[in-house]
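What follows draws every value from the coordinates through simple rules; no lab data is involved. On a predicted model such as this, the values are computed, not experimentally measured, just so you know. Heads up, the Cβs are rebuilt from the backbone with ideal geometry, glycines too, and the neighbour counts pull from every protein chain shown.
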Amino acid sequence: MRKCSLTALDALFAKMAESAALYLPVDGDDGRAHYAQWQEGLHLSDALNTVRSAKDFFFPQTENLMAFKVNGKTIEIIDTRTEADDFIVFGVRACDVRSFDILDTVFLAEPADSYYANRRAHGVIISLACTRPAETCFCSTFGIDASTPAGDVVCWKTDDALYMEAKTEKGSALMAALADLTEECDTDAVKAQQATTKERMAKLPLADLTADKFGGGKTMEFFSDPAWATLSEACLGCGTCTFVCPTCQCYDIKDFDTGHGVTRLRCWDSCMYSDFTKMAHGNPRLTQVERFRQRFMHKLVYYPENNGGVFGCVGCGRCLTRCPISMNIVKVMKNLGGDAK
C-alpha cells in the first residue's frame, strides 16, 4: 500500500491527467456532486455520492452508433466508431463499482457490445472507500462492503493522506507512474477507518434490510401479489429512478434524418414509460402497475434468476432520494417481504 499527502493531491491528479483524461466528483452550482474532467482549480467533492453514477462513462445517455447515406437505391453504411481514448474515473464508491459487474454481464455477454467493451478496455476505475454512509444507503443488503470497494485502484481518504492500493494490472501500471508522488506505508490508518465505517454502517436505518426472501425461482410467488396495485398507485411513470440507477441498462435506438443523411443513435430508455418496448401491435405492458412490477421484479427476481443469484440492485440509495413520490425498492422489498411497518 502507498500513500500521498493531501497537500500533494493536486499534483497527484495532474500526474494522472498527463496520460489520460481524469474525471472526479466535484461540487456543482446546484450544490450536488457531479463528475467533471479534472483541470487545475477543480477540487474533489466531499459528497458521499454523485447525482448520477459513473455508469455514464461506459454506457452514456446518448451515443452515435452509425450513419447512413442514401443515394437513389444505394445505401452507404458509415461506421462512426472510433477507438476510445484512455481515461481514469476517480472517487467511485463501492456500490457504483459493483454496478459495473452487473453491466458487464449484460453488455459483455456474447455477442459483446463493442461500444461498451471499447470504453471498458480504456477506462481505469479508482474507487474511494466510504467513511460516512448516508441513511439511505443499504449496499450491505447485497453483500457490498462500503469500507473496502473493488476497482483497479482502491483508495482510502483520511484527514491528512490518500492511501492507495492497486488491485489489477491497470491499477499496478497507474501506481507505477505515480511512484514519485506516493510512498510505501503501513495499513494501520486504513484498518482503523474501515472499522469505524463498518460501525457506522451497522447503525444505519436500513442496516437490517435483507434480500433473503427474493431471488431466482420466486416469480410465481410475487408476480400476482395484490401489493403491486397499492405500491404503484402513486407512481408518476417519470423514469427518474431508472435514470439515476447505476445498474439500469434499458435503451432505445432511433434514426434521425439530418438532411444530408441518417444518424442512428442509442439513448437511455425506461421500463416505467408507457411507450417502452412499444411494437406494431402495441405495448405488452399496458398499465402502470405492470410497468412498476416489471422494474422491481427484474431487480429482485428475474436478474438473479439468470445470473447466479446476483441481484440487480447495489443499494446506492439514489432512488430513495430522487423519487418525487418517495417510492423505491426498499418499500417494495418490505411490503412484498412482509416487513412493512
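Between beta-carbons, use under 11 Å as the cut-off and find the net charge around ALA179, counting Lys and Arg +1, Asp and Glu -1.
Working: positive: ARG2, LYS15; negative: ASP180, GLU183, GLU184.
Spelling it out: positives minus negatives among the neighbours equals -1.
Nearest 5 percent is fine: what portion of the DSSP beta bridges confined to the chain is antiparallel? Working shown, then result.
Numbers: 36 of 47 bridges.
So the antiparallel bridges in the chain amount to around 75 percent.
If you place +1 on the Cβ of every Lys and Arg, -1 on the Cβ of every Asp and Glu, and leave all else neutral, what size is the dipole of the chain about its Cα centre, to the nearest 20 Debye? Each step should come with its number before you reach the end.
Details: 37 positive and 45 negative charges, 245 e Å.
It comes to approximately 1180 debye.
ALA227 to ALA192: extension gain in nm, 0.36 nm per residue of separation minus the Cα-Cα distance? Please report the intermediate quantities before stating the final value.
On the way: separation 35, 0.36 × 35 = 12.60 nm, distance 4.38 nm.
Net length gain for the segment: 8.2 nm.
Please tell me which of these pairs span more than 20 angstrom C-alpha to C-alpha: LYS55/LYS218; LYS15/LYS157; LYS3/LYS157? The partial results should precede the final answer.
Details: LYS55/LYS218 28 Å; LYS15/LYS157 18 Å; LYS3/LYS157 9 Å.
Listed pairs above 20 Å: LYS55/LYS218.
Going by average Cβ density within 10 Å per residue, which order do the peptides 91-101, 39-49, 19-29 take, highest to lowest? Don't skip to the answer; put the middle values down first.
Values: 91-101: 24.8, 39-49: 14.8, 19-29: 17.7.
So the peptides 91-101, 39-49, 19-29, ranked by packing, come out 91-101, 19-29, 39-49.
Students often get this wrong: which residues of segment 74-106 have the backbone nitrogen under 18 Å from the point 7 angstrom along Cα-to-C-beta of THR168?
What the label zone holds, given the 18 Å backbone N cut-off, is 84-106.
With only Lys, Arg, Asp and Glu charged, each at its Cβ (+1 for the first two, -1 for the last two), find how big the charge dipole of segment 2-202 is about the Cα centre; round to the nearest 20 debye. Please list the in-between numbers first.
On the way: 20 positive and 32 negative charges, 105 e Å.
Rounded to the nearest 20 debye, it is 500 debye.
If each of LEU236 and THR321 carries a label point 7 Å out from its Cα toward its Cβ, how far apart are those two points in nm?
Computed distance between label sites LEU236 and THR321 equals 1.8 nm.
Using a 10 Å cut-off around each Cβ, can you sort LYS278, LYS299 from fewest to most neighbouring Cβ atoms?
LYS278, LYS299
On full extension of the chain, what length is gained from ALA109 through ASP275, given 0.36 nm per residue of separation minus the C-alpha to C-alpha distance? Numbers along the way, then the final one.
Values: separation 166, 0.36 × 166 = 59.76 nm, distance 2.68 nm.
Length difference between fully extended and current span is 57.1 nm.
Trypsin sites (Lys or Arg not before Pro), restricted to segment 197-254: which are DSSP loop and have at most 10 other Cβ atoms within 10 Å?
Working: sites: LYS198, ARG200, LYS203, LYS213, LYS218, LYS254; in loops: LYS203, LYS213, LYS218.
Listed in order of number, the matching sites are LYS203.
State the answer as a single residue: which of SER270, GLY28, HIS43 lies farthest towards the positive end of the charge dipole of the chain, with beta carbon charges of +1 for Lys and Arg and -1 for Asp and Glu, about the Cα centre.
SER270
Among the lysines, which have Cα under 21 Å from the Cα of LYS278 when same-chain residues fewer than 8 positions away are ignored?
Candidates past the 8-residue exclusion: LYS254.
Rounded, prolate or oblate: which one fits the chain, using the alpha carbon gyration tensor with axes a ≥ b ≥ c (rounded when a/c is under 1.5, else prolate when a/b beats b/c, else oblate)? Could you put the intermediate results ahead of the total?
On the way: a/c = 2.11, a/b = 1.16, b/c = 1.82.
In terms of gyration-tensor shape, oblate.
Evaluate Rg over Rh across segment 196-328, taking Cα atoms for both radii and Kirkwood's formula for Rh.
Numbers: Rg = 17.6 Å, Rh = 17.0 Å.
Computed over Cα atoms, the ratio is 1.04.
Pop the C-beta distance of ALA179 and ASN306 into the FRET formula with R0 = 51 Å and round what comes out to the nearest 0.05.
Working: r = 43 Å, r/R0 = 0.85.
With a Förster radius of 51 Å, E is 0.75.
Net charge near SER45: determine it from the other residues with C-beta under 10 Å of the C-beta of SER45, scoring Lys and Arg +1 and Asp and Glu -1.
Values: positive: ARG32; negative: ASP27, ASP46.
Counting the neighbours of SER45, the net charge comes to -1.
Considering only C-alpha atoms, what is the centroid distance from segment 94-126 to segment 149-187, in Å?
22
When a/c is below 1.5 the answer is rounded, else prolate if a/b is larger than b/c, else oblate, so apply that to segment 1-102 with a ≥ b ≥ c taken from the square roots of the Cα gyration tensor eigenvalues.
Working: a/c = 2.57, a/b = 2.13, b/c = 1.20.
Prolate.
Assuming a ≥ b ≥ c are the square roots of the Cα gyration tensor eigenvalues, decide whether segment 2-202 counts as rounded (a/c under 1.5), prolate (otherwise, with a/b larger than b/c) or oblate. All intermediate terms of the calculation are to be shown ahead of the outcome.
Values: a/c = 2.07, a/b = 1.70, b/c = 1.22.
Prolate is the answer for segment 2-202, as a/c is 1.5 or above and a/b outweighs b/c.
Quote the charge dipole size of segment 218-341 about the Cα centre in Debye, to the nearest 20; the model charges only the Cβ of Lys and Arg (+1) and of Asp and Glu (-1).
On the way: 15 positive and 11 negative charges, 61 e Å.
Computed about the Cα centre, the dipole is about 300 debye.
Sort the following peptides by mean Cβ neighbour count (other Cβ atoms within 10 Å, averaged over residues), highest first: 179-191, 132-144. Provide the component values of the computation, followed by the final result.
Details: 179-191: 13.2, 132-144: 20.2.
Answer by packing, highest mean first, reads 132-144, 179-191.
Just want the ordering: LEU336, LEU6, LEU12, from fewest to most Cβ atoms lying within 10 Å of their own Cβ.
Working: LEU336 22, LEU6 15, LEU12 19.
Ranking LEU336, LEU6, LEU12 by Cβ neighbours within 10 Å, fewest first, gives LEU6, LEU12, LEU336.
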